[in-house]
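Right, one structure below, let's go through it.
The values are calculated or read from the model by the stated rules, or taken from the named source; none is laboratory data. All values reported here derive from a predicted model rather than from experimental measurement. Quick reminder, even Gly has a Cβ in these numbers, built from the backbone with ideal geometry, and neighbours come from all protein chains shown. For the accessible areas, the whole protein counts, side chains as well, though only heavy atoms, and no ligand, DNA or RNA atoms are used. Shrake-Rupley method; radii C 1.70, N 1.55, O 1.52, S 1.80 Å.
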Amino acid sequence: MDLDRGIVQNSDKVNWRKESWKTVLTLAYQSLGVVYGEISTSPLYVYRNTFAEDIGHSETNEEIYGVLSLVFWTLTLVPLVKYVFIVLKADDNGEGGTFALYSLLCRHAKVGLLPNCQLADEELSEYKKHSCGMAPERSLAFRLKSLLERHKVLQRILLVLALLGTCMVIGVGVLKPTISVFSAVSGLELSMSKEHHRYVEVPGACIILIGLFALQRYGTDKVGFLFAPIVCIWLFCISAIGIYNIFYWNPHVYQALSPYYVFQFLKKTRRGGWMALCGILLCITGSEAMFAGLGHFSQLSIKIAFTSLVYPSLILAYMGQAAYFSRHHDVEQEYHFGFYVSVPEKLRWPVLVIAILAAVVGSQSIITGTFSIIRQCSALSCFPRVKVVHTSSKIHGQVYIPEINWLLMLLCLAVTIGFRDTKLMGNASGLAVVSVMLVTSCLMSLVIVICWHKNVMLAIGFVLFFGTIEALFFSASVIKFFEGAWVPVALAFVFLSVMCVWHYGTLKKYEFDVQNKVSLSWLLSLGPTLGFARVRGIGLVHTELVSGIPAIFSHFVTNLPAFHQILVFLCIKHVPVPHVRPEERFLVGRVGPRDFRVYRCIVRYGYHDVHKDDDEFEKDLVCSIAKFIQAGSGGGCNNSSNDEPEKGGGKMTVVGTCSSTSHHPILVSENAHEVNHVDKAETSSESHKVVKPKKKVRFIVPESPKIDTGAMEELKELMQAREVGVAYIIGQSYMRAKPGSSMLKKLAINLGYEFLRKNSREPSYELSAPHASSLEVGMMYQV
């Protein structure tokens, strides 16, 4: 399968009106198992955590009605109004999440800190897809954009804000599975003695968590279809029990939906009511998963699932619990506001089993979102490189990251064993959730002004309205810092430190490359032979530079004065878009005159694109250079970029992959080779392997009157070099802080960055390059 082509077809999913209703409904069904499991299990612990404070339960029912009213309006305003109707529209070409908002801002204003950006990147069709155009120069949106572009400090603050939101999402990925599973297992307290219960609760929760994380390797699509029926049954179960409790215990409980009871509750309980907001906050855990999971599904499918099934079921469940509690004031305090108390006794065991399964599903959504957002950060040089396994060949964005998966599992087990209390877990989870929401509100207000070009008063109104609600919840959560809320702060500090050190080291490494690149005039002075013996074949020099000659080249030829007849400076980079179309994948240009046979090739990937294996990549690379040669001879369309041309060469030309067009200056034939090899399937789990015959690719230059003699000779020489083979020249750099640098810089570079570099994955192009054809050149960087 052509992964690039499949990805491009799926990247058009932003316009879901073109999709069939069958597809939309299928995705809506799948989203129940991946996105909504988290928020669907919140009735297990909301009332219990809310009334864990010193709040009474009087005969007037003012407290229980006030809590129900707060839950109703919180669910309505935050998940429904804010996320479903507003935030989901701010997708990054179909992708969602905190970092997607930052990526969207980077494309509409030059606030990104990626070092090797080019003007040609802004010409990508996905770069400003569905853009609202340029804001008028005198508008506040234009002035705000200019302010951010002028001040590096503001750009760094924006990046740290996005990274902080990302770190809190990881924190939720640790805490949400813990509290969901632990709360579900705690239902056993009604059916056994306290002495036996404490020996079952923690081990049972740990076993379930281990099983949950072991399932992740099978992929989102398989897990989604497996879990979706469980969520459907769970939602039907809690809504049916809610309706039963409403009609059996208190049919007038609907009156508590009035905001009047919110004011009455806060007026009566005062400080206790404010502290109880930390428990009420848990009813909206999982709202961010709707946005983070957008890359796996679609806006329409997520909206349909929430408005038609999830939201009504949750409201009925909370109303049913309130109706039961309003008629029971003499239940033993320890079990007073537990979920299972309101379940009819004959149904408790079946509901317990369904709840445990639903809790597992609830954990799935945030784990999926964590994988997605870490992959975005890693692709944009804000997180150390990790192994990304693509679990679906049909739907892009569905990934599994083994290192993160097992790290999350260990942290979940540590929190479960360490806390052993839903109150402490709830305090920790609540602070992480509301922190992510505050970051989203801040970034969203900038998107409204800079990307959508809406009136600034609309953005101010958005951040004031939703920001005030979230700030109230945040203030109640911060008070619980020493009662469990310190955990997400500690996790965020560790992950934010890792991200900042990695990003800082990456920037410093690129700055060193730019400052020490070799002058192009030096290369031109050597003449067509470059002053060295030119051997047959193609030499690929990997570099991060998008212009100039990398220092690794001069270092190599100084020690080995010979090089290949075709020399290509290859730069593989990511741009802040989810996907780059195959026809826009390559930027190709010359370095020096034509007879030098030196080219520069920049390969652009989005942060959700799949890198091809070495055979496919080599074929596309040779095809792109051949198309560039043909275009320069007048035999094809020369789609030049606006970047400055290489001295003695010409402008960079946008060239597609072999599969993106039917017009080729060369013929490609594939014959089965006699040697079989094992090819790891990218679209399956890491352990799945497919044995297939290796194909030998041959290139043939057809005679064409449209191609001049010089270009024809150049094409033939390129084909002959390809037949000999391709050598990969890869630089291995070791960074050290300069003598006299500050202690903080030495710690960041010498210890932090080097430790992360040695223990992270190699770049994908290094892993895919054949070892027999690779040559590593080591260099010491002092930054």
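Values computed for the structure shown
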read-out: Point-to-point label distance, TYR254-LEU751, nm (Cα→Cβ direction, 7 Å offset); value: 6.4 nm
read-out: Viscosity 0.890 mPa s, 25 °C: Kirkwood-radius Stokes-Einstein D of segment 369-447 over Cα pairs, µm²/s; value: 163 µm²/s
read-out: Whole-number accessible area per residue in Å² for segment 428-582, which is evaluated in the context of all protein chains at 1.4 Å; value: 36 Å²
read-out: Mean separation of Cα contacts under 8 Å, 6 or more apart, over the residue count of segment 358-470: relative contact order %; value: 14 percent
read-out: Extension gain, LYS738 back to LYS267 (0.36 nm per residue minus Cα-Cα distance, nm); value: 163.4 nm
read-out: Amide H partners (placed H, <5 Å) of PHE51, local residues excluded; value: none
read-out: Computed FRET value (nearest 0.05) for VAL724 with TRP349, which takes r as the C-beta separation and R₀ as 60 Å; value: 0.25
read-out: Among 535-542, 508-515, the order from most to least packed when residues are scored by Cβ within 10 Å on average; value: 535-542, 508-515
read-out: Stretch gain in nm, segment LEU215-LEU507, where the contour uses 0.36 nm per residue and the Cα spacing is subtracted; value: 101.4 nm
read-out: Too-long pairs where the Cα-Cα distance tops 28 Å, listed order kept, from LYS145/LYS745; LYS303/LYS387; LYS387/LYS454; LYS454/LYS573; LYS152/LYS387; LYS517/LYS745; value: LYS145/LYS745; LYS303/LYS387; LYS387/LYS454; LYS454/LYS573; LYS152/LYS387
read-out: Highest to lowest packing among 29-41, 546-558, scored as the average C-beta count within 10 Å; value: 29-41, 546-558
read-out: Carbon/sulfur fraction of accessible area - segment 197-323, other protein chains in place, 1.4 Å, %; value: 72 percent
read-out: Share of carbon and sulfur in the accessible heavy-atom surface of segment 532-628 [1.4 Å probe, %]; value: 54 percent
read-out: Amide H partners (placed H, <5 Å) of MET735, local residues excluded; value: TYR781
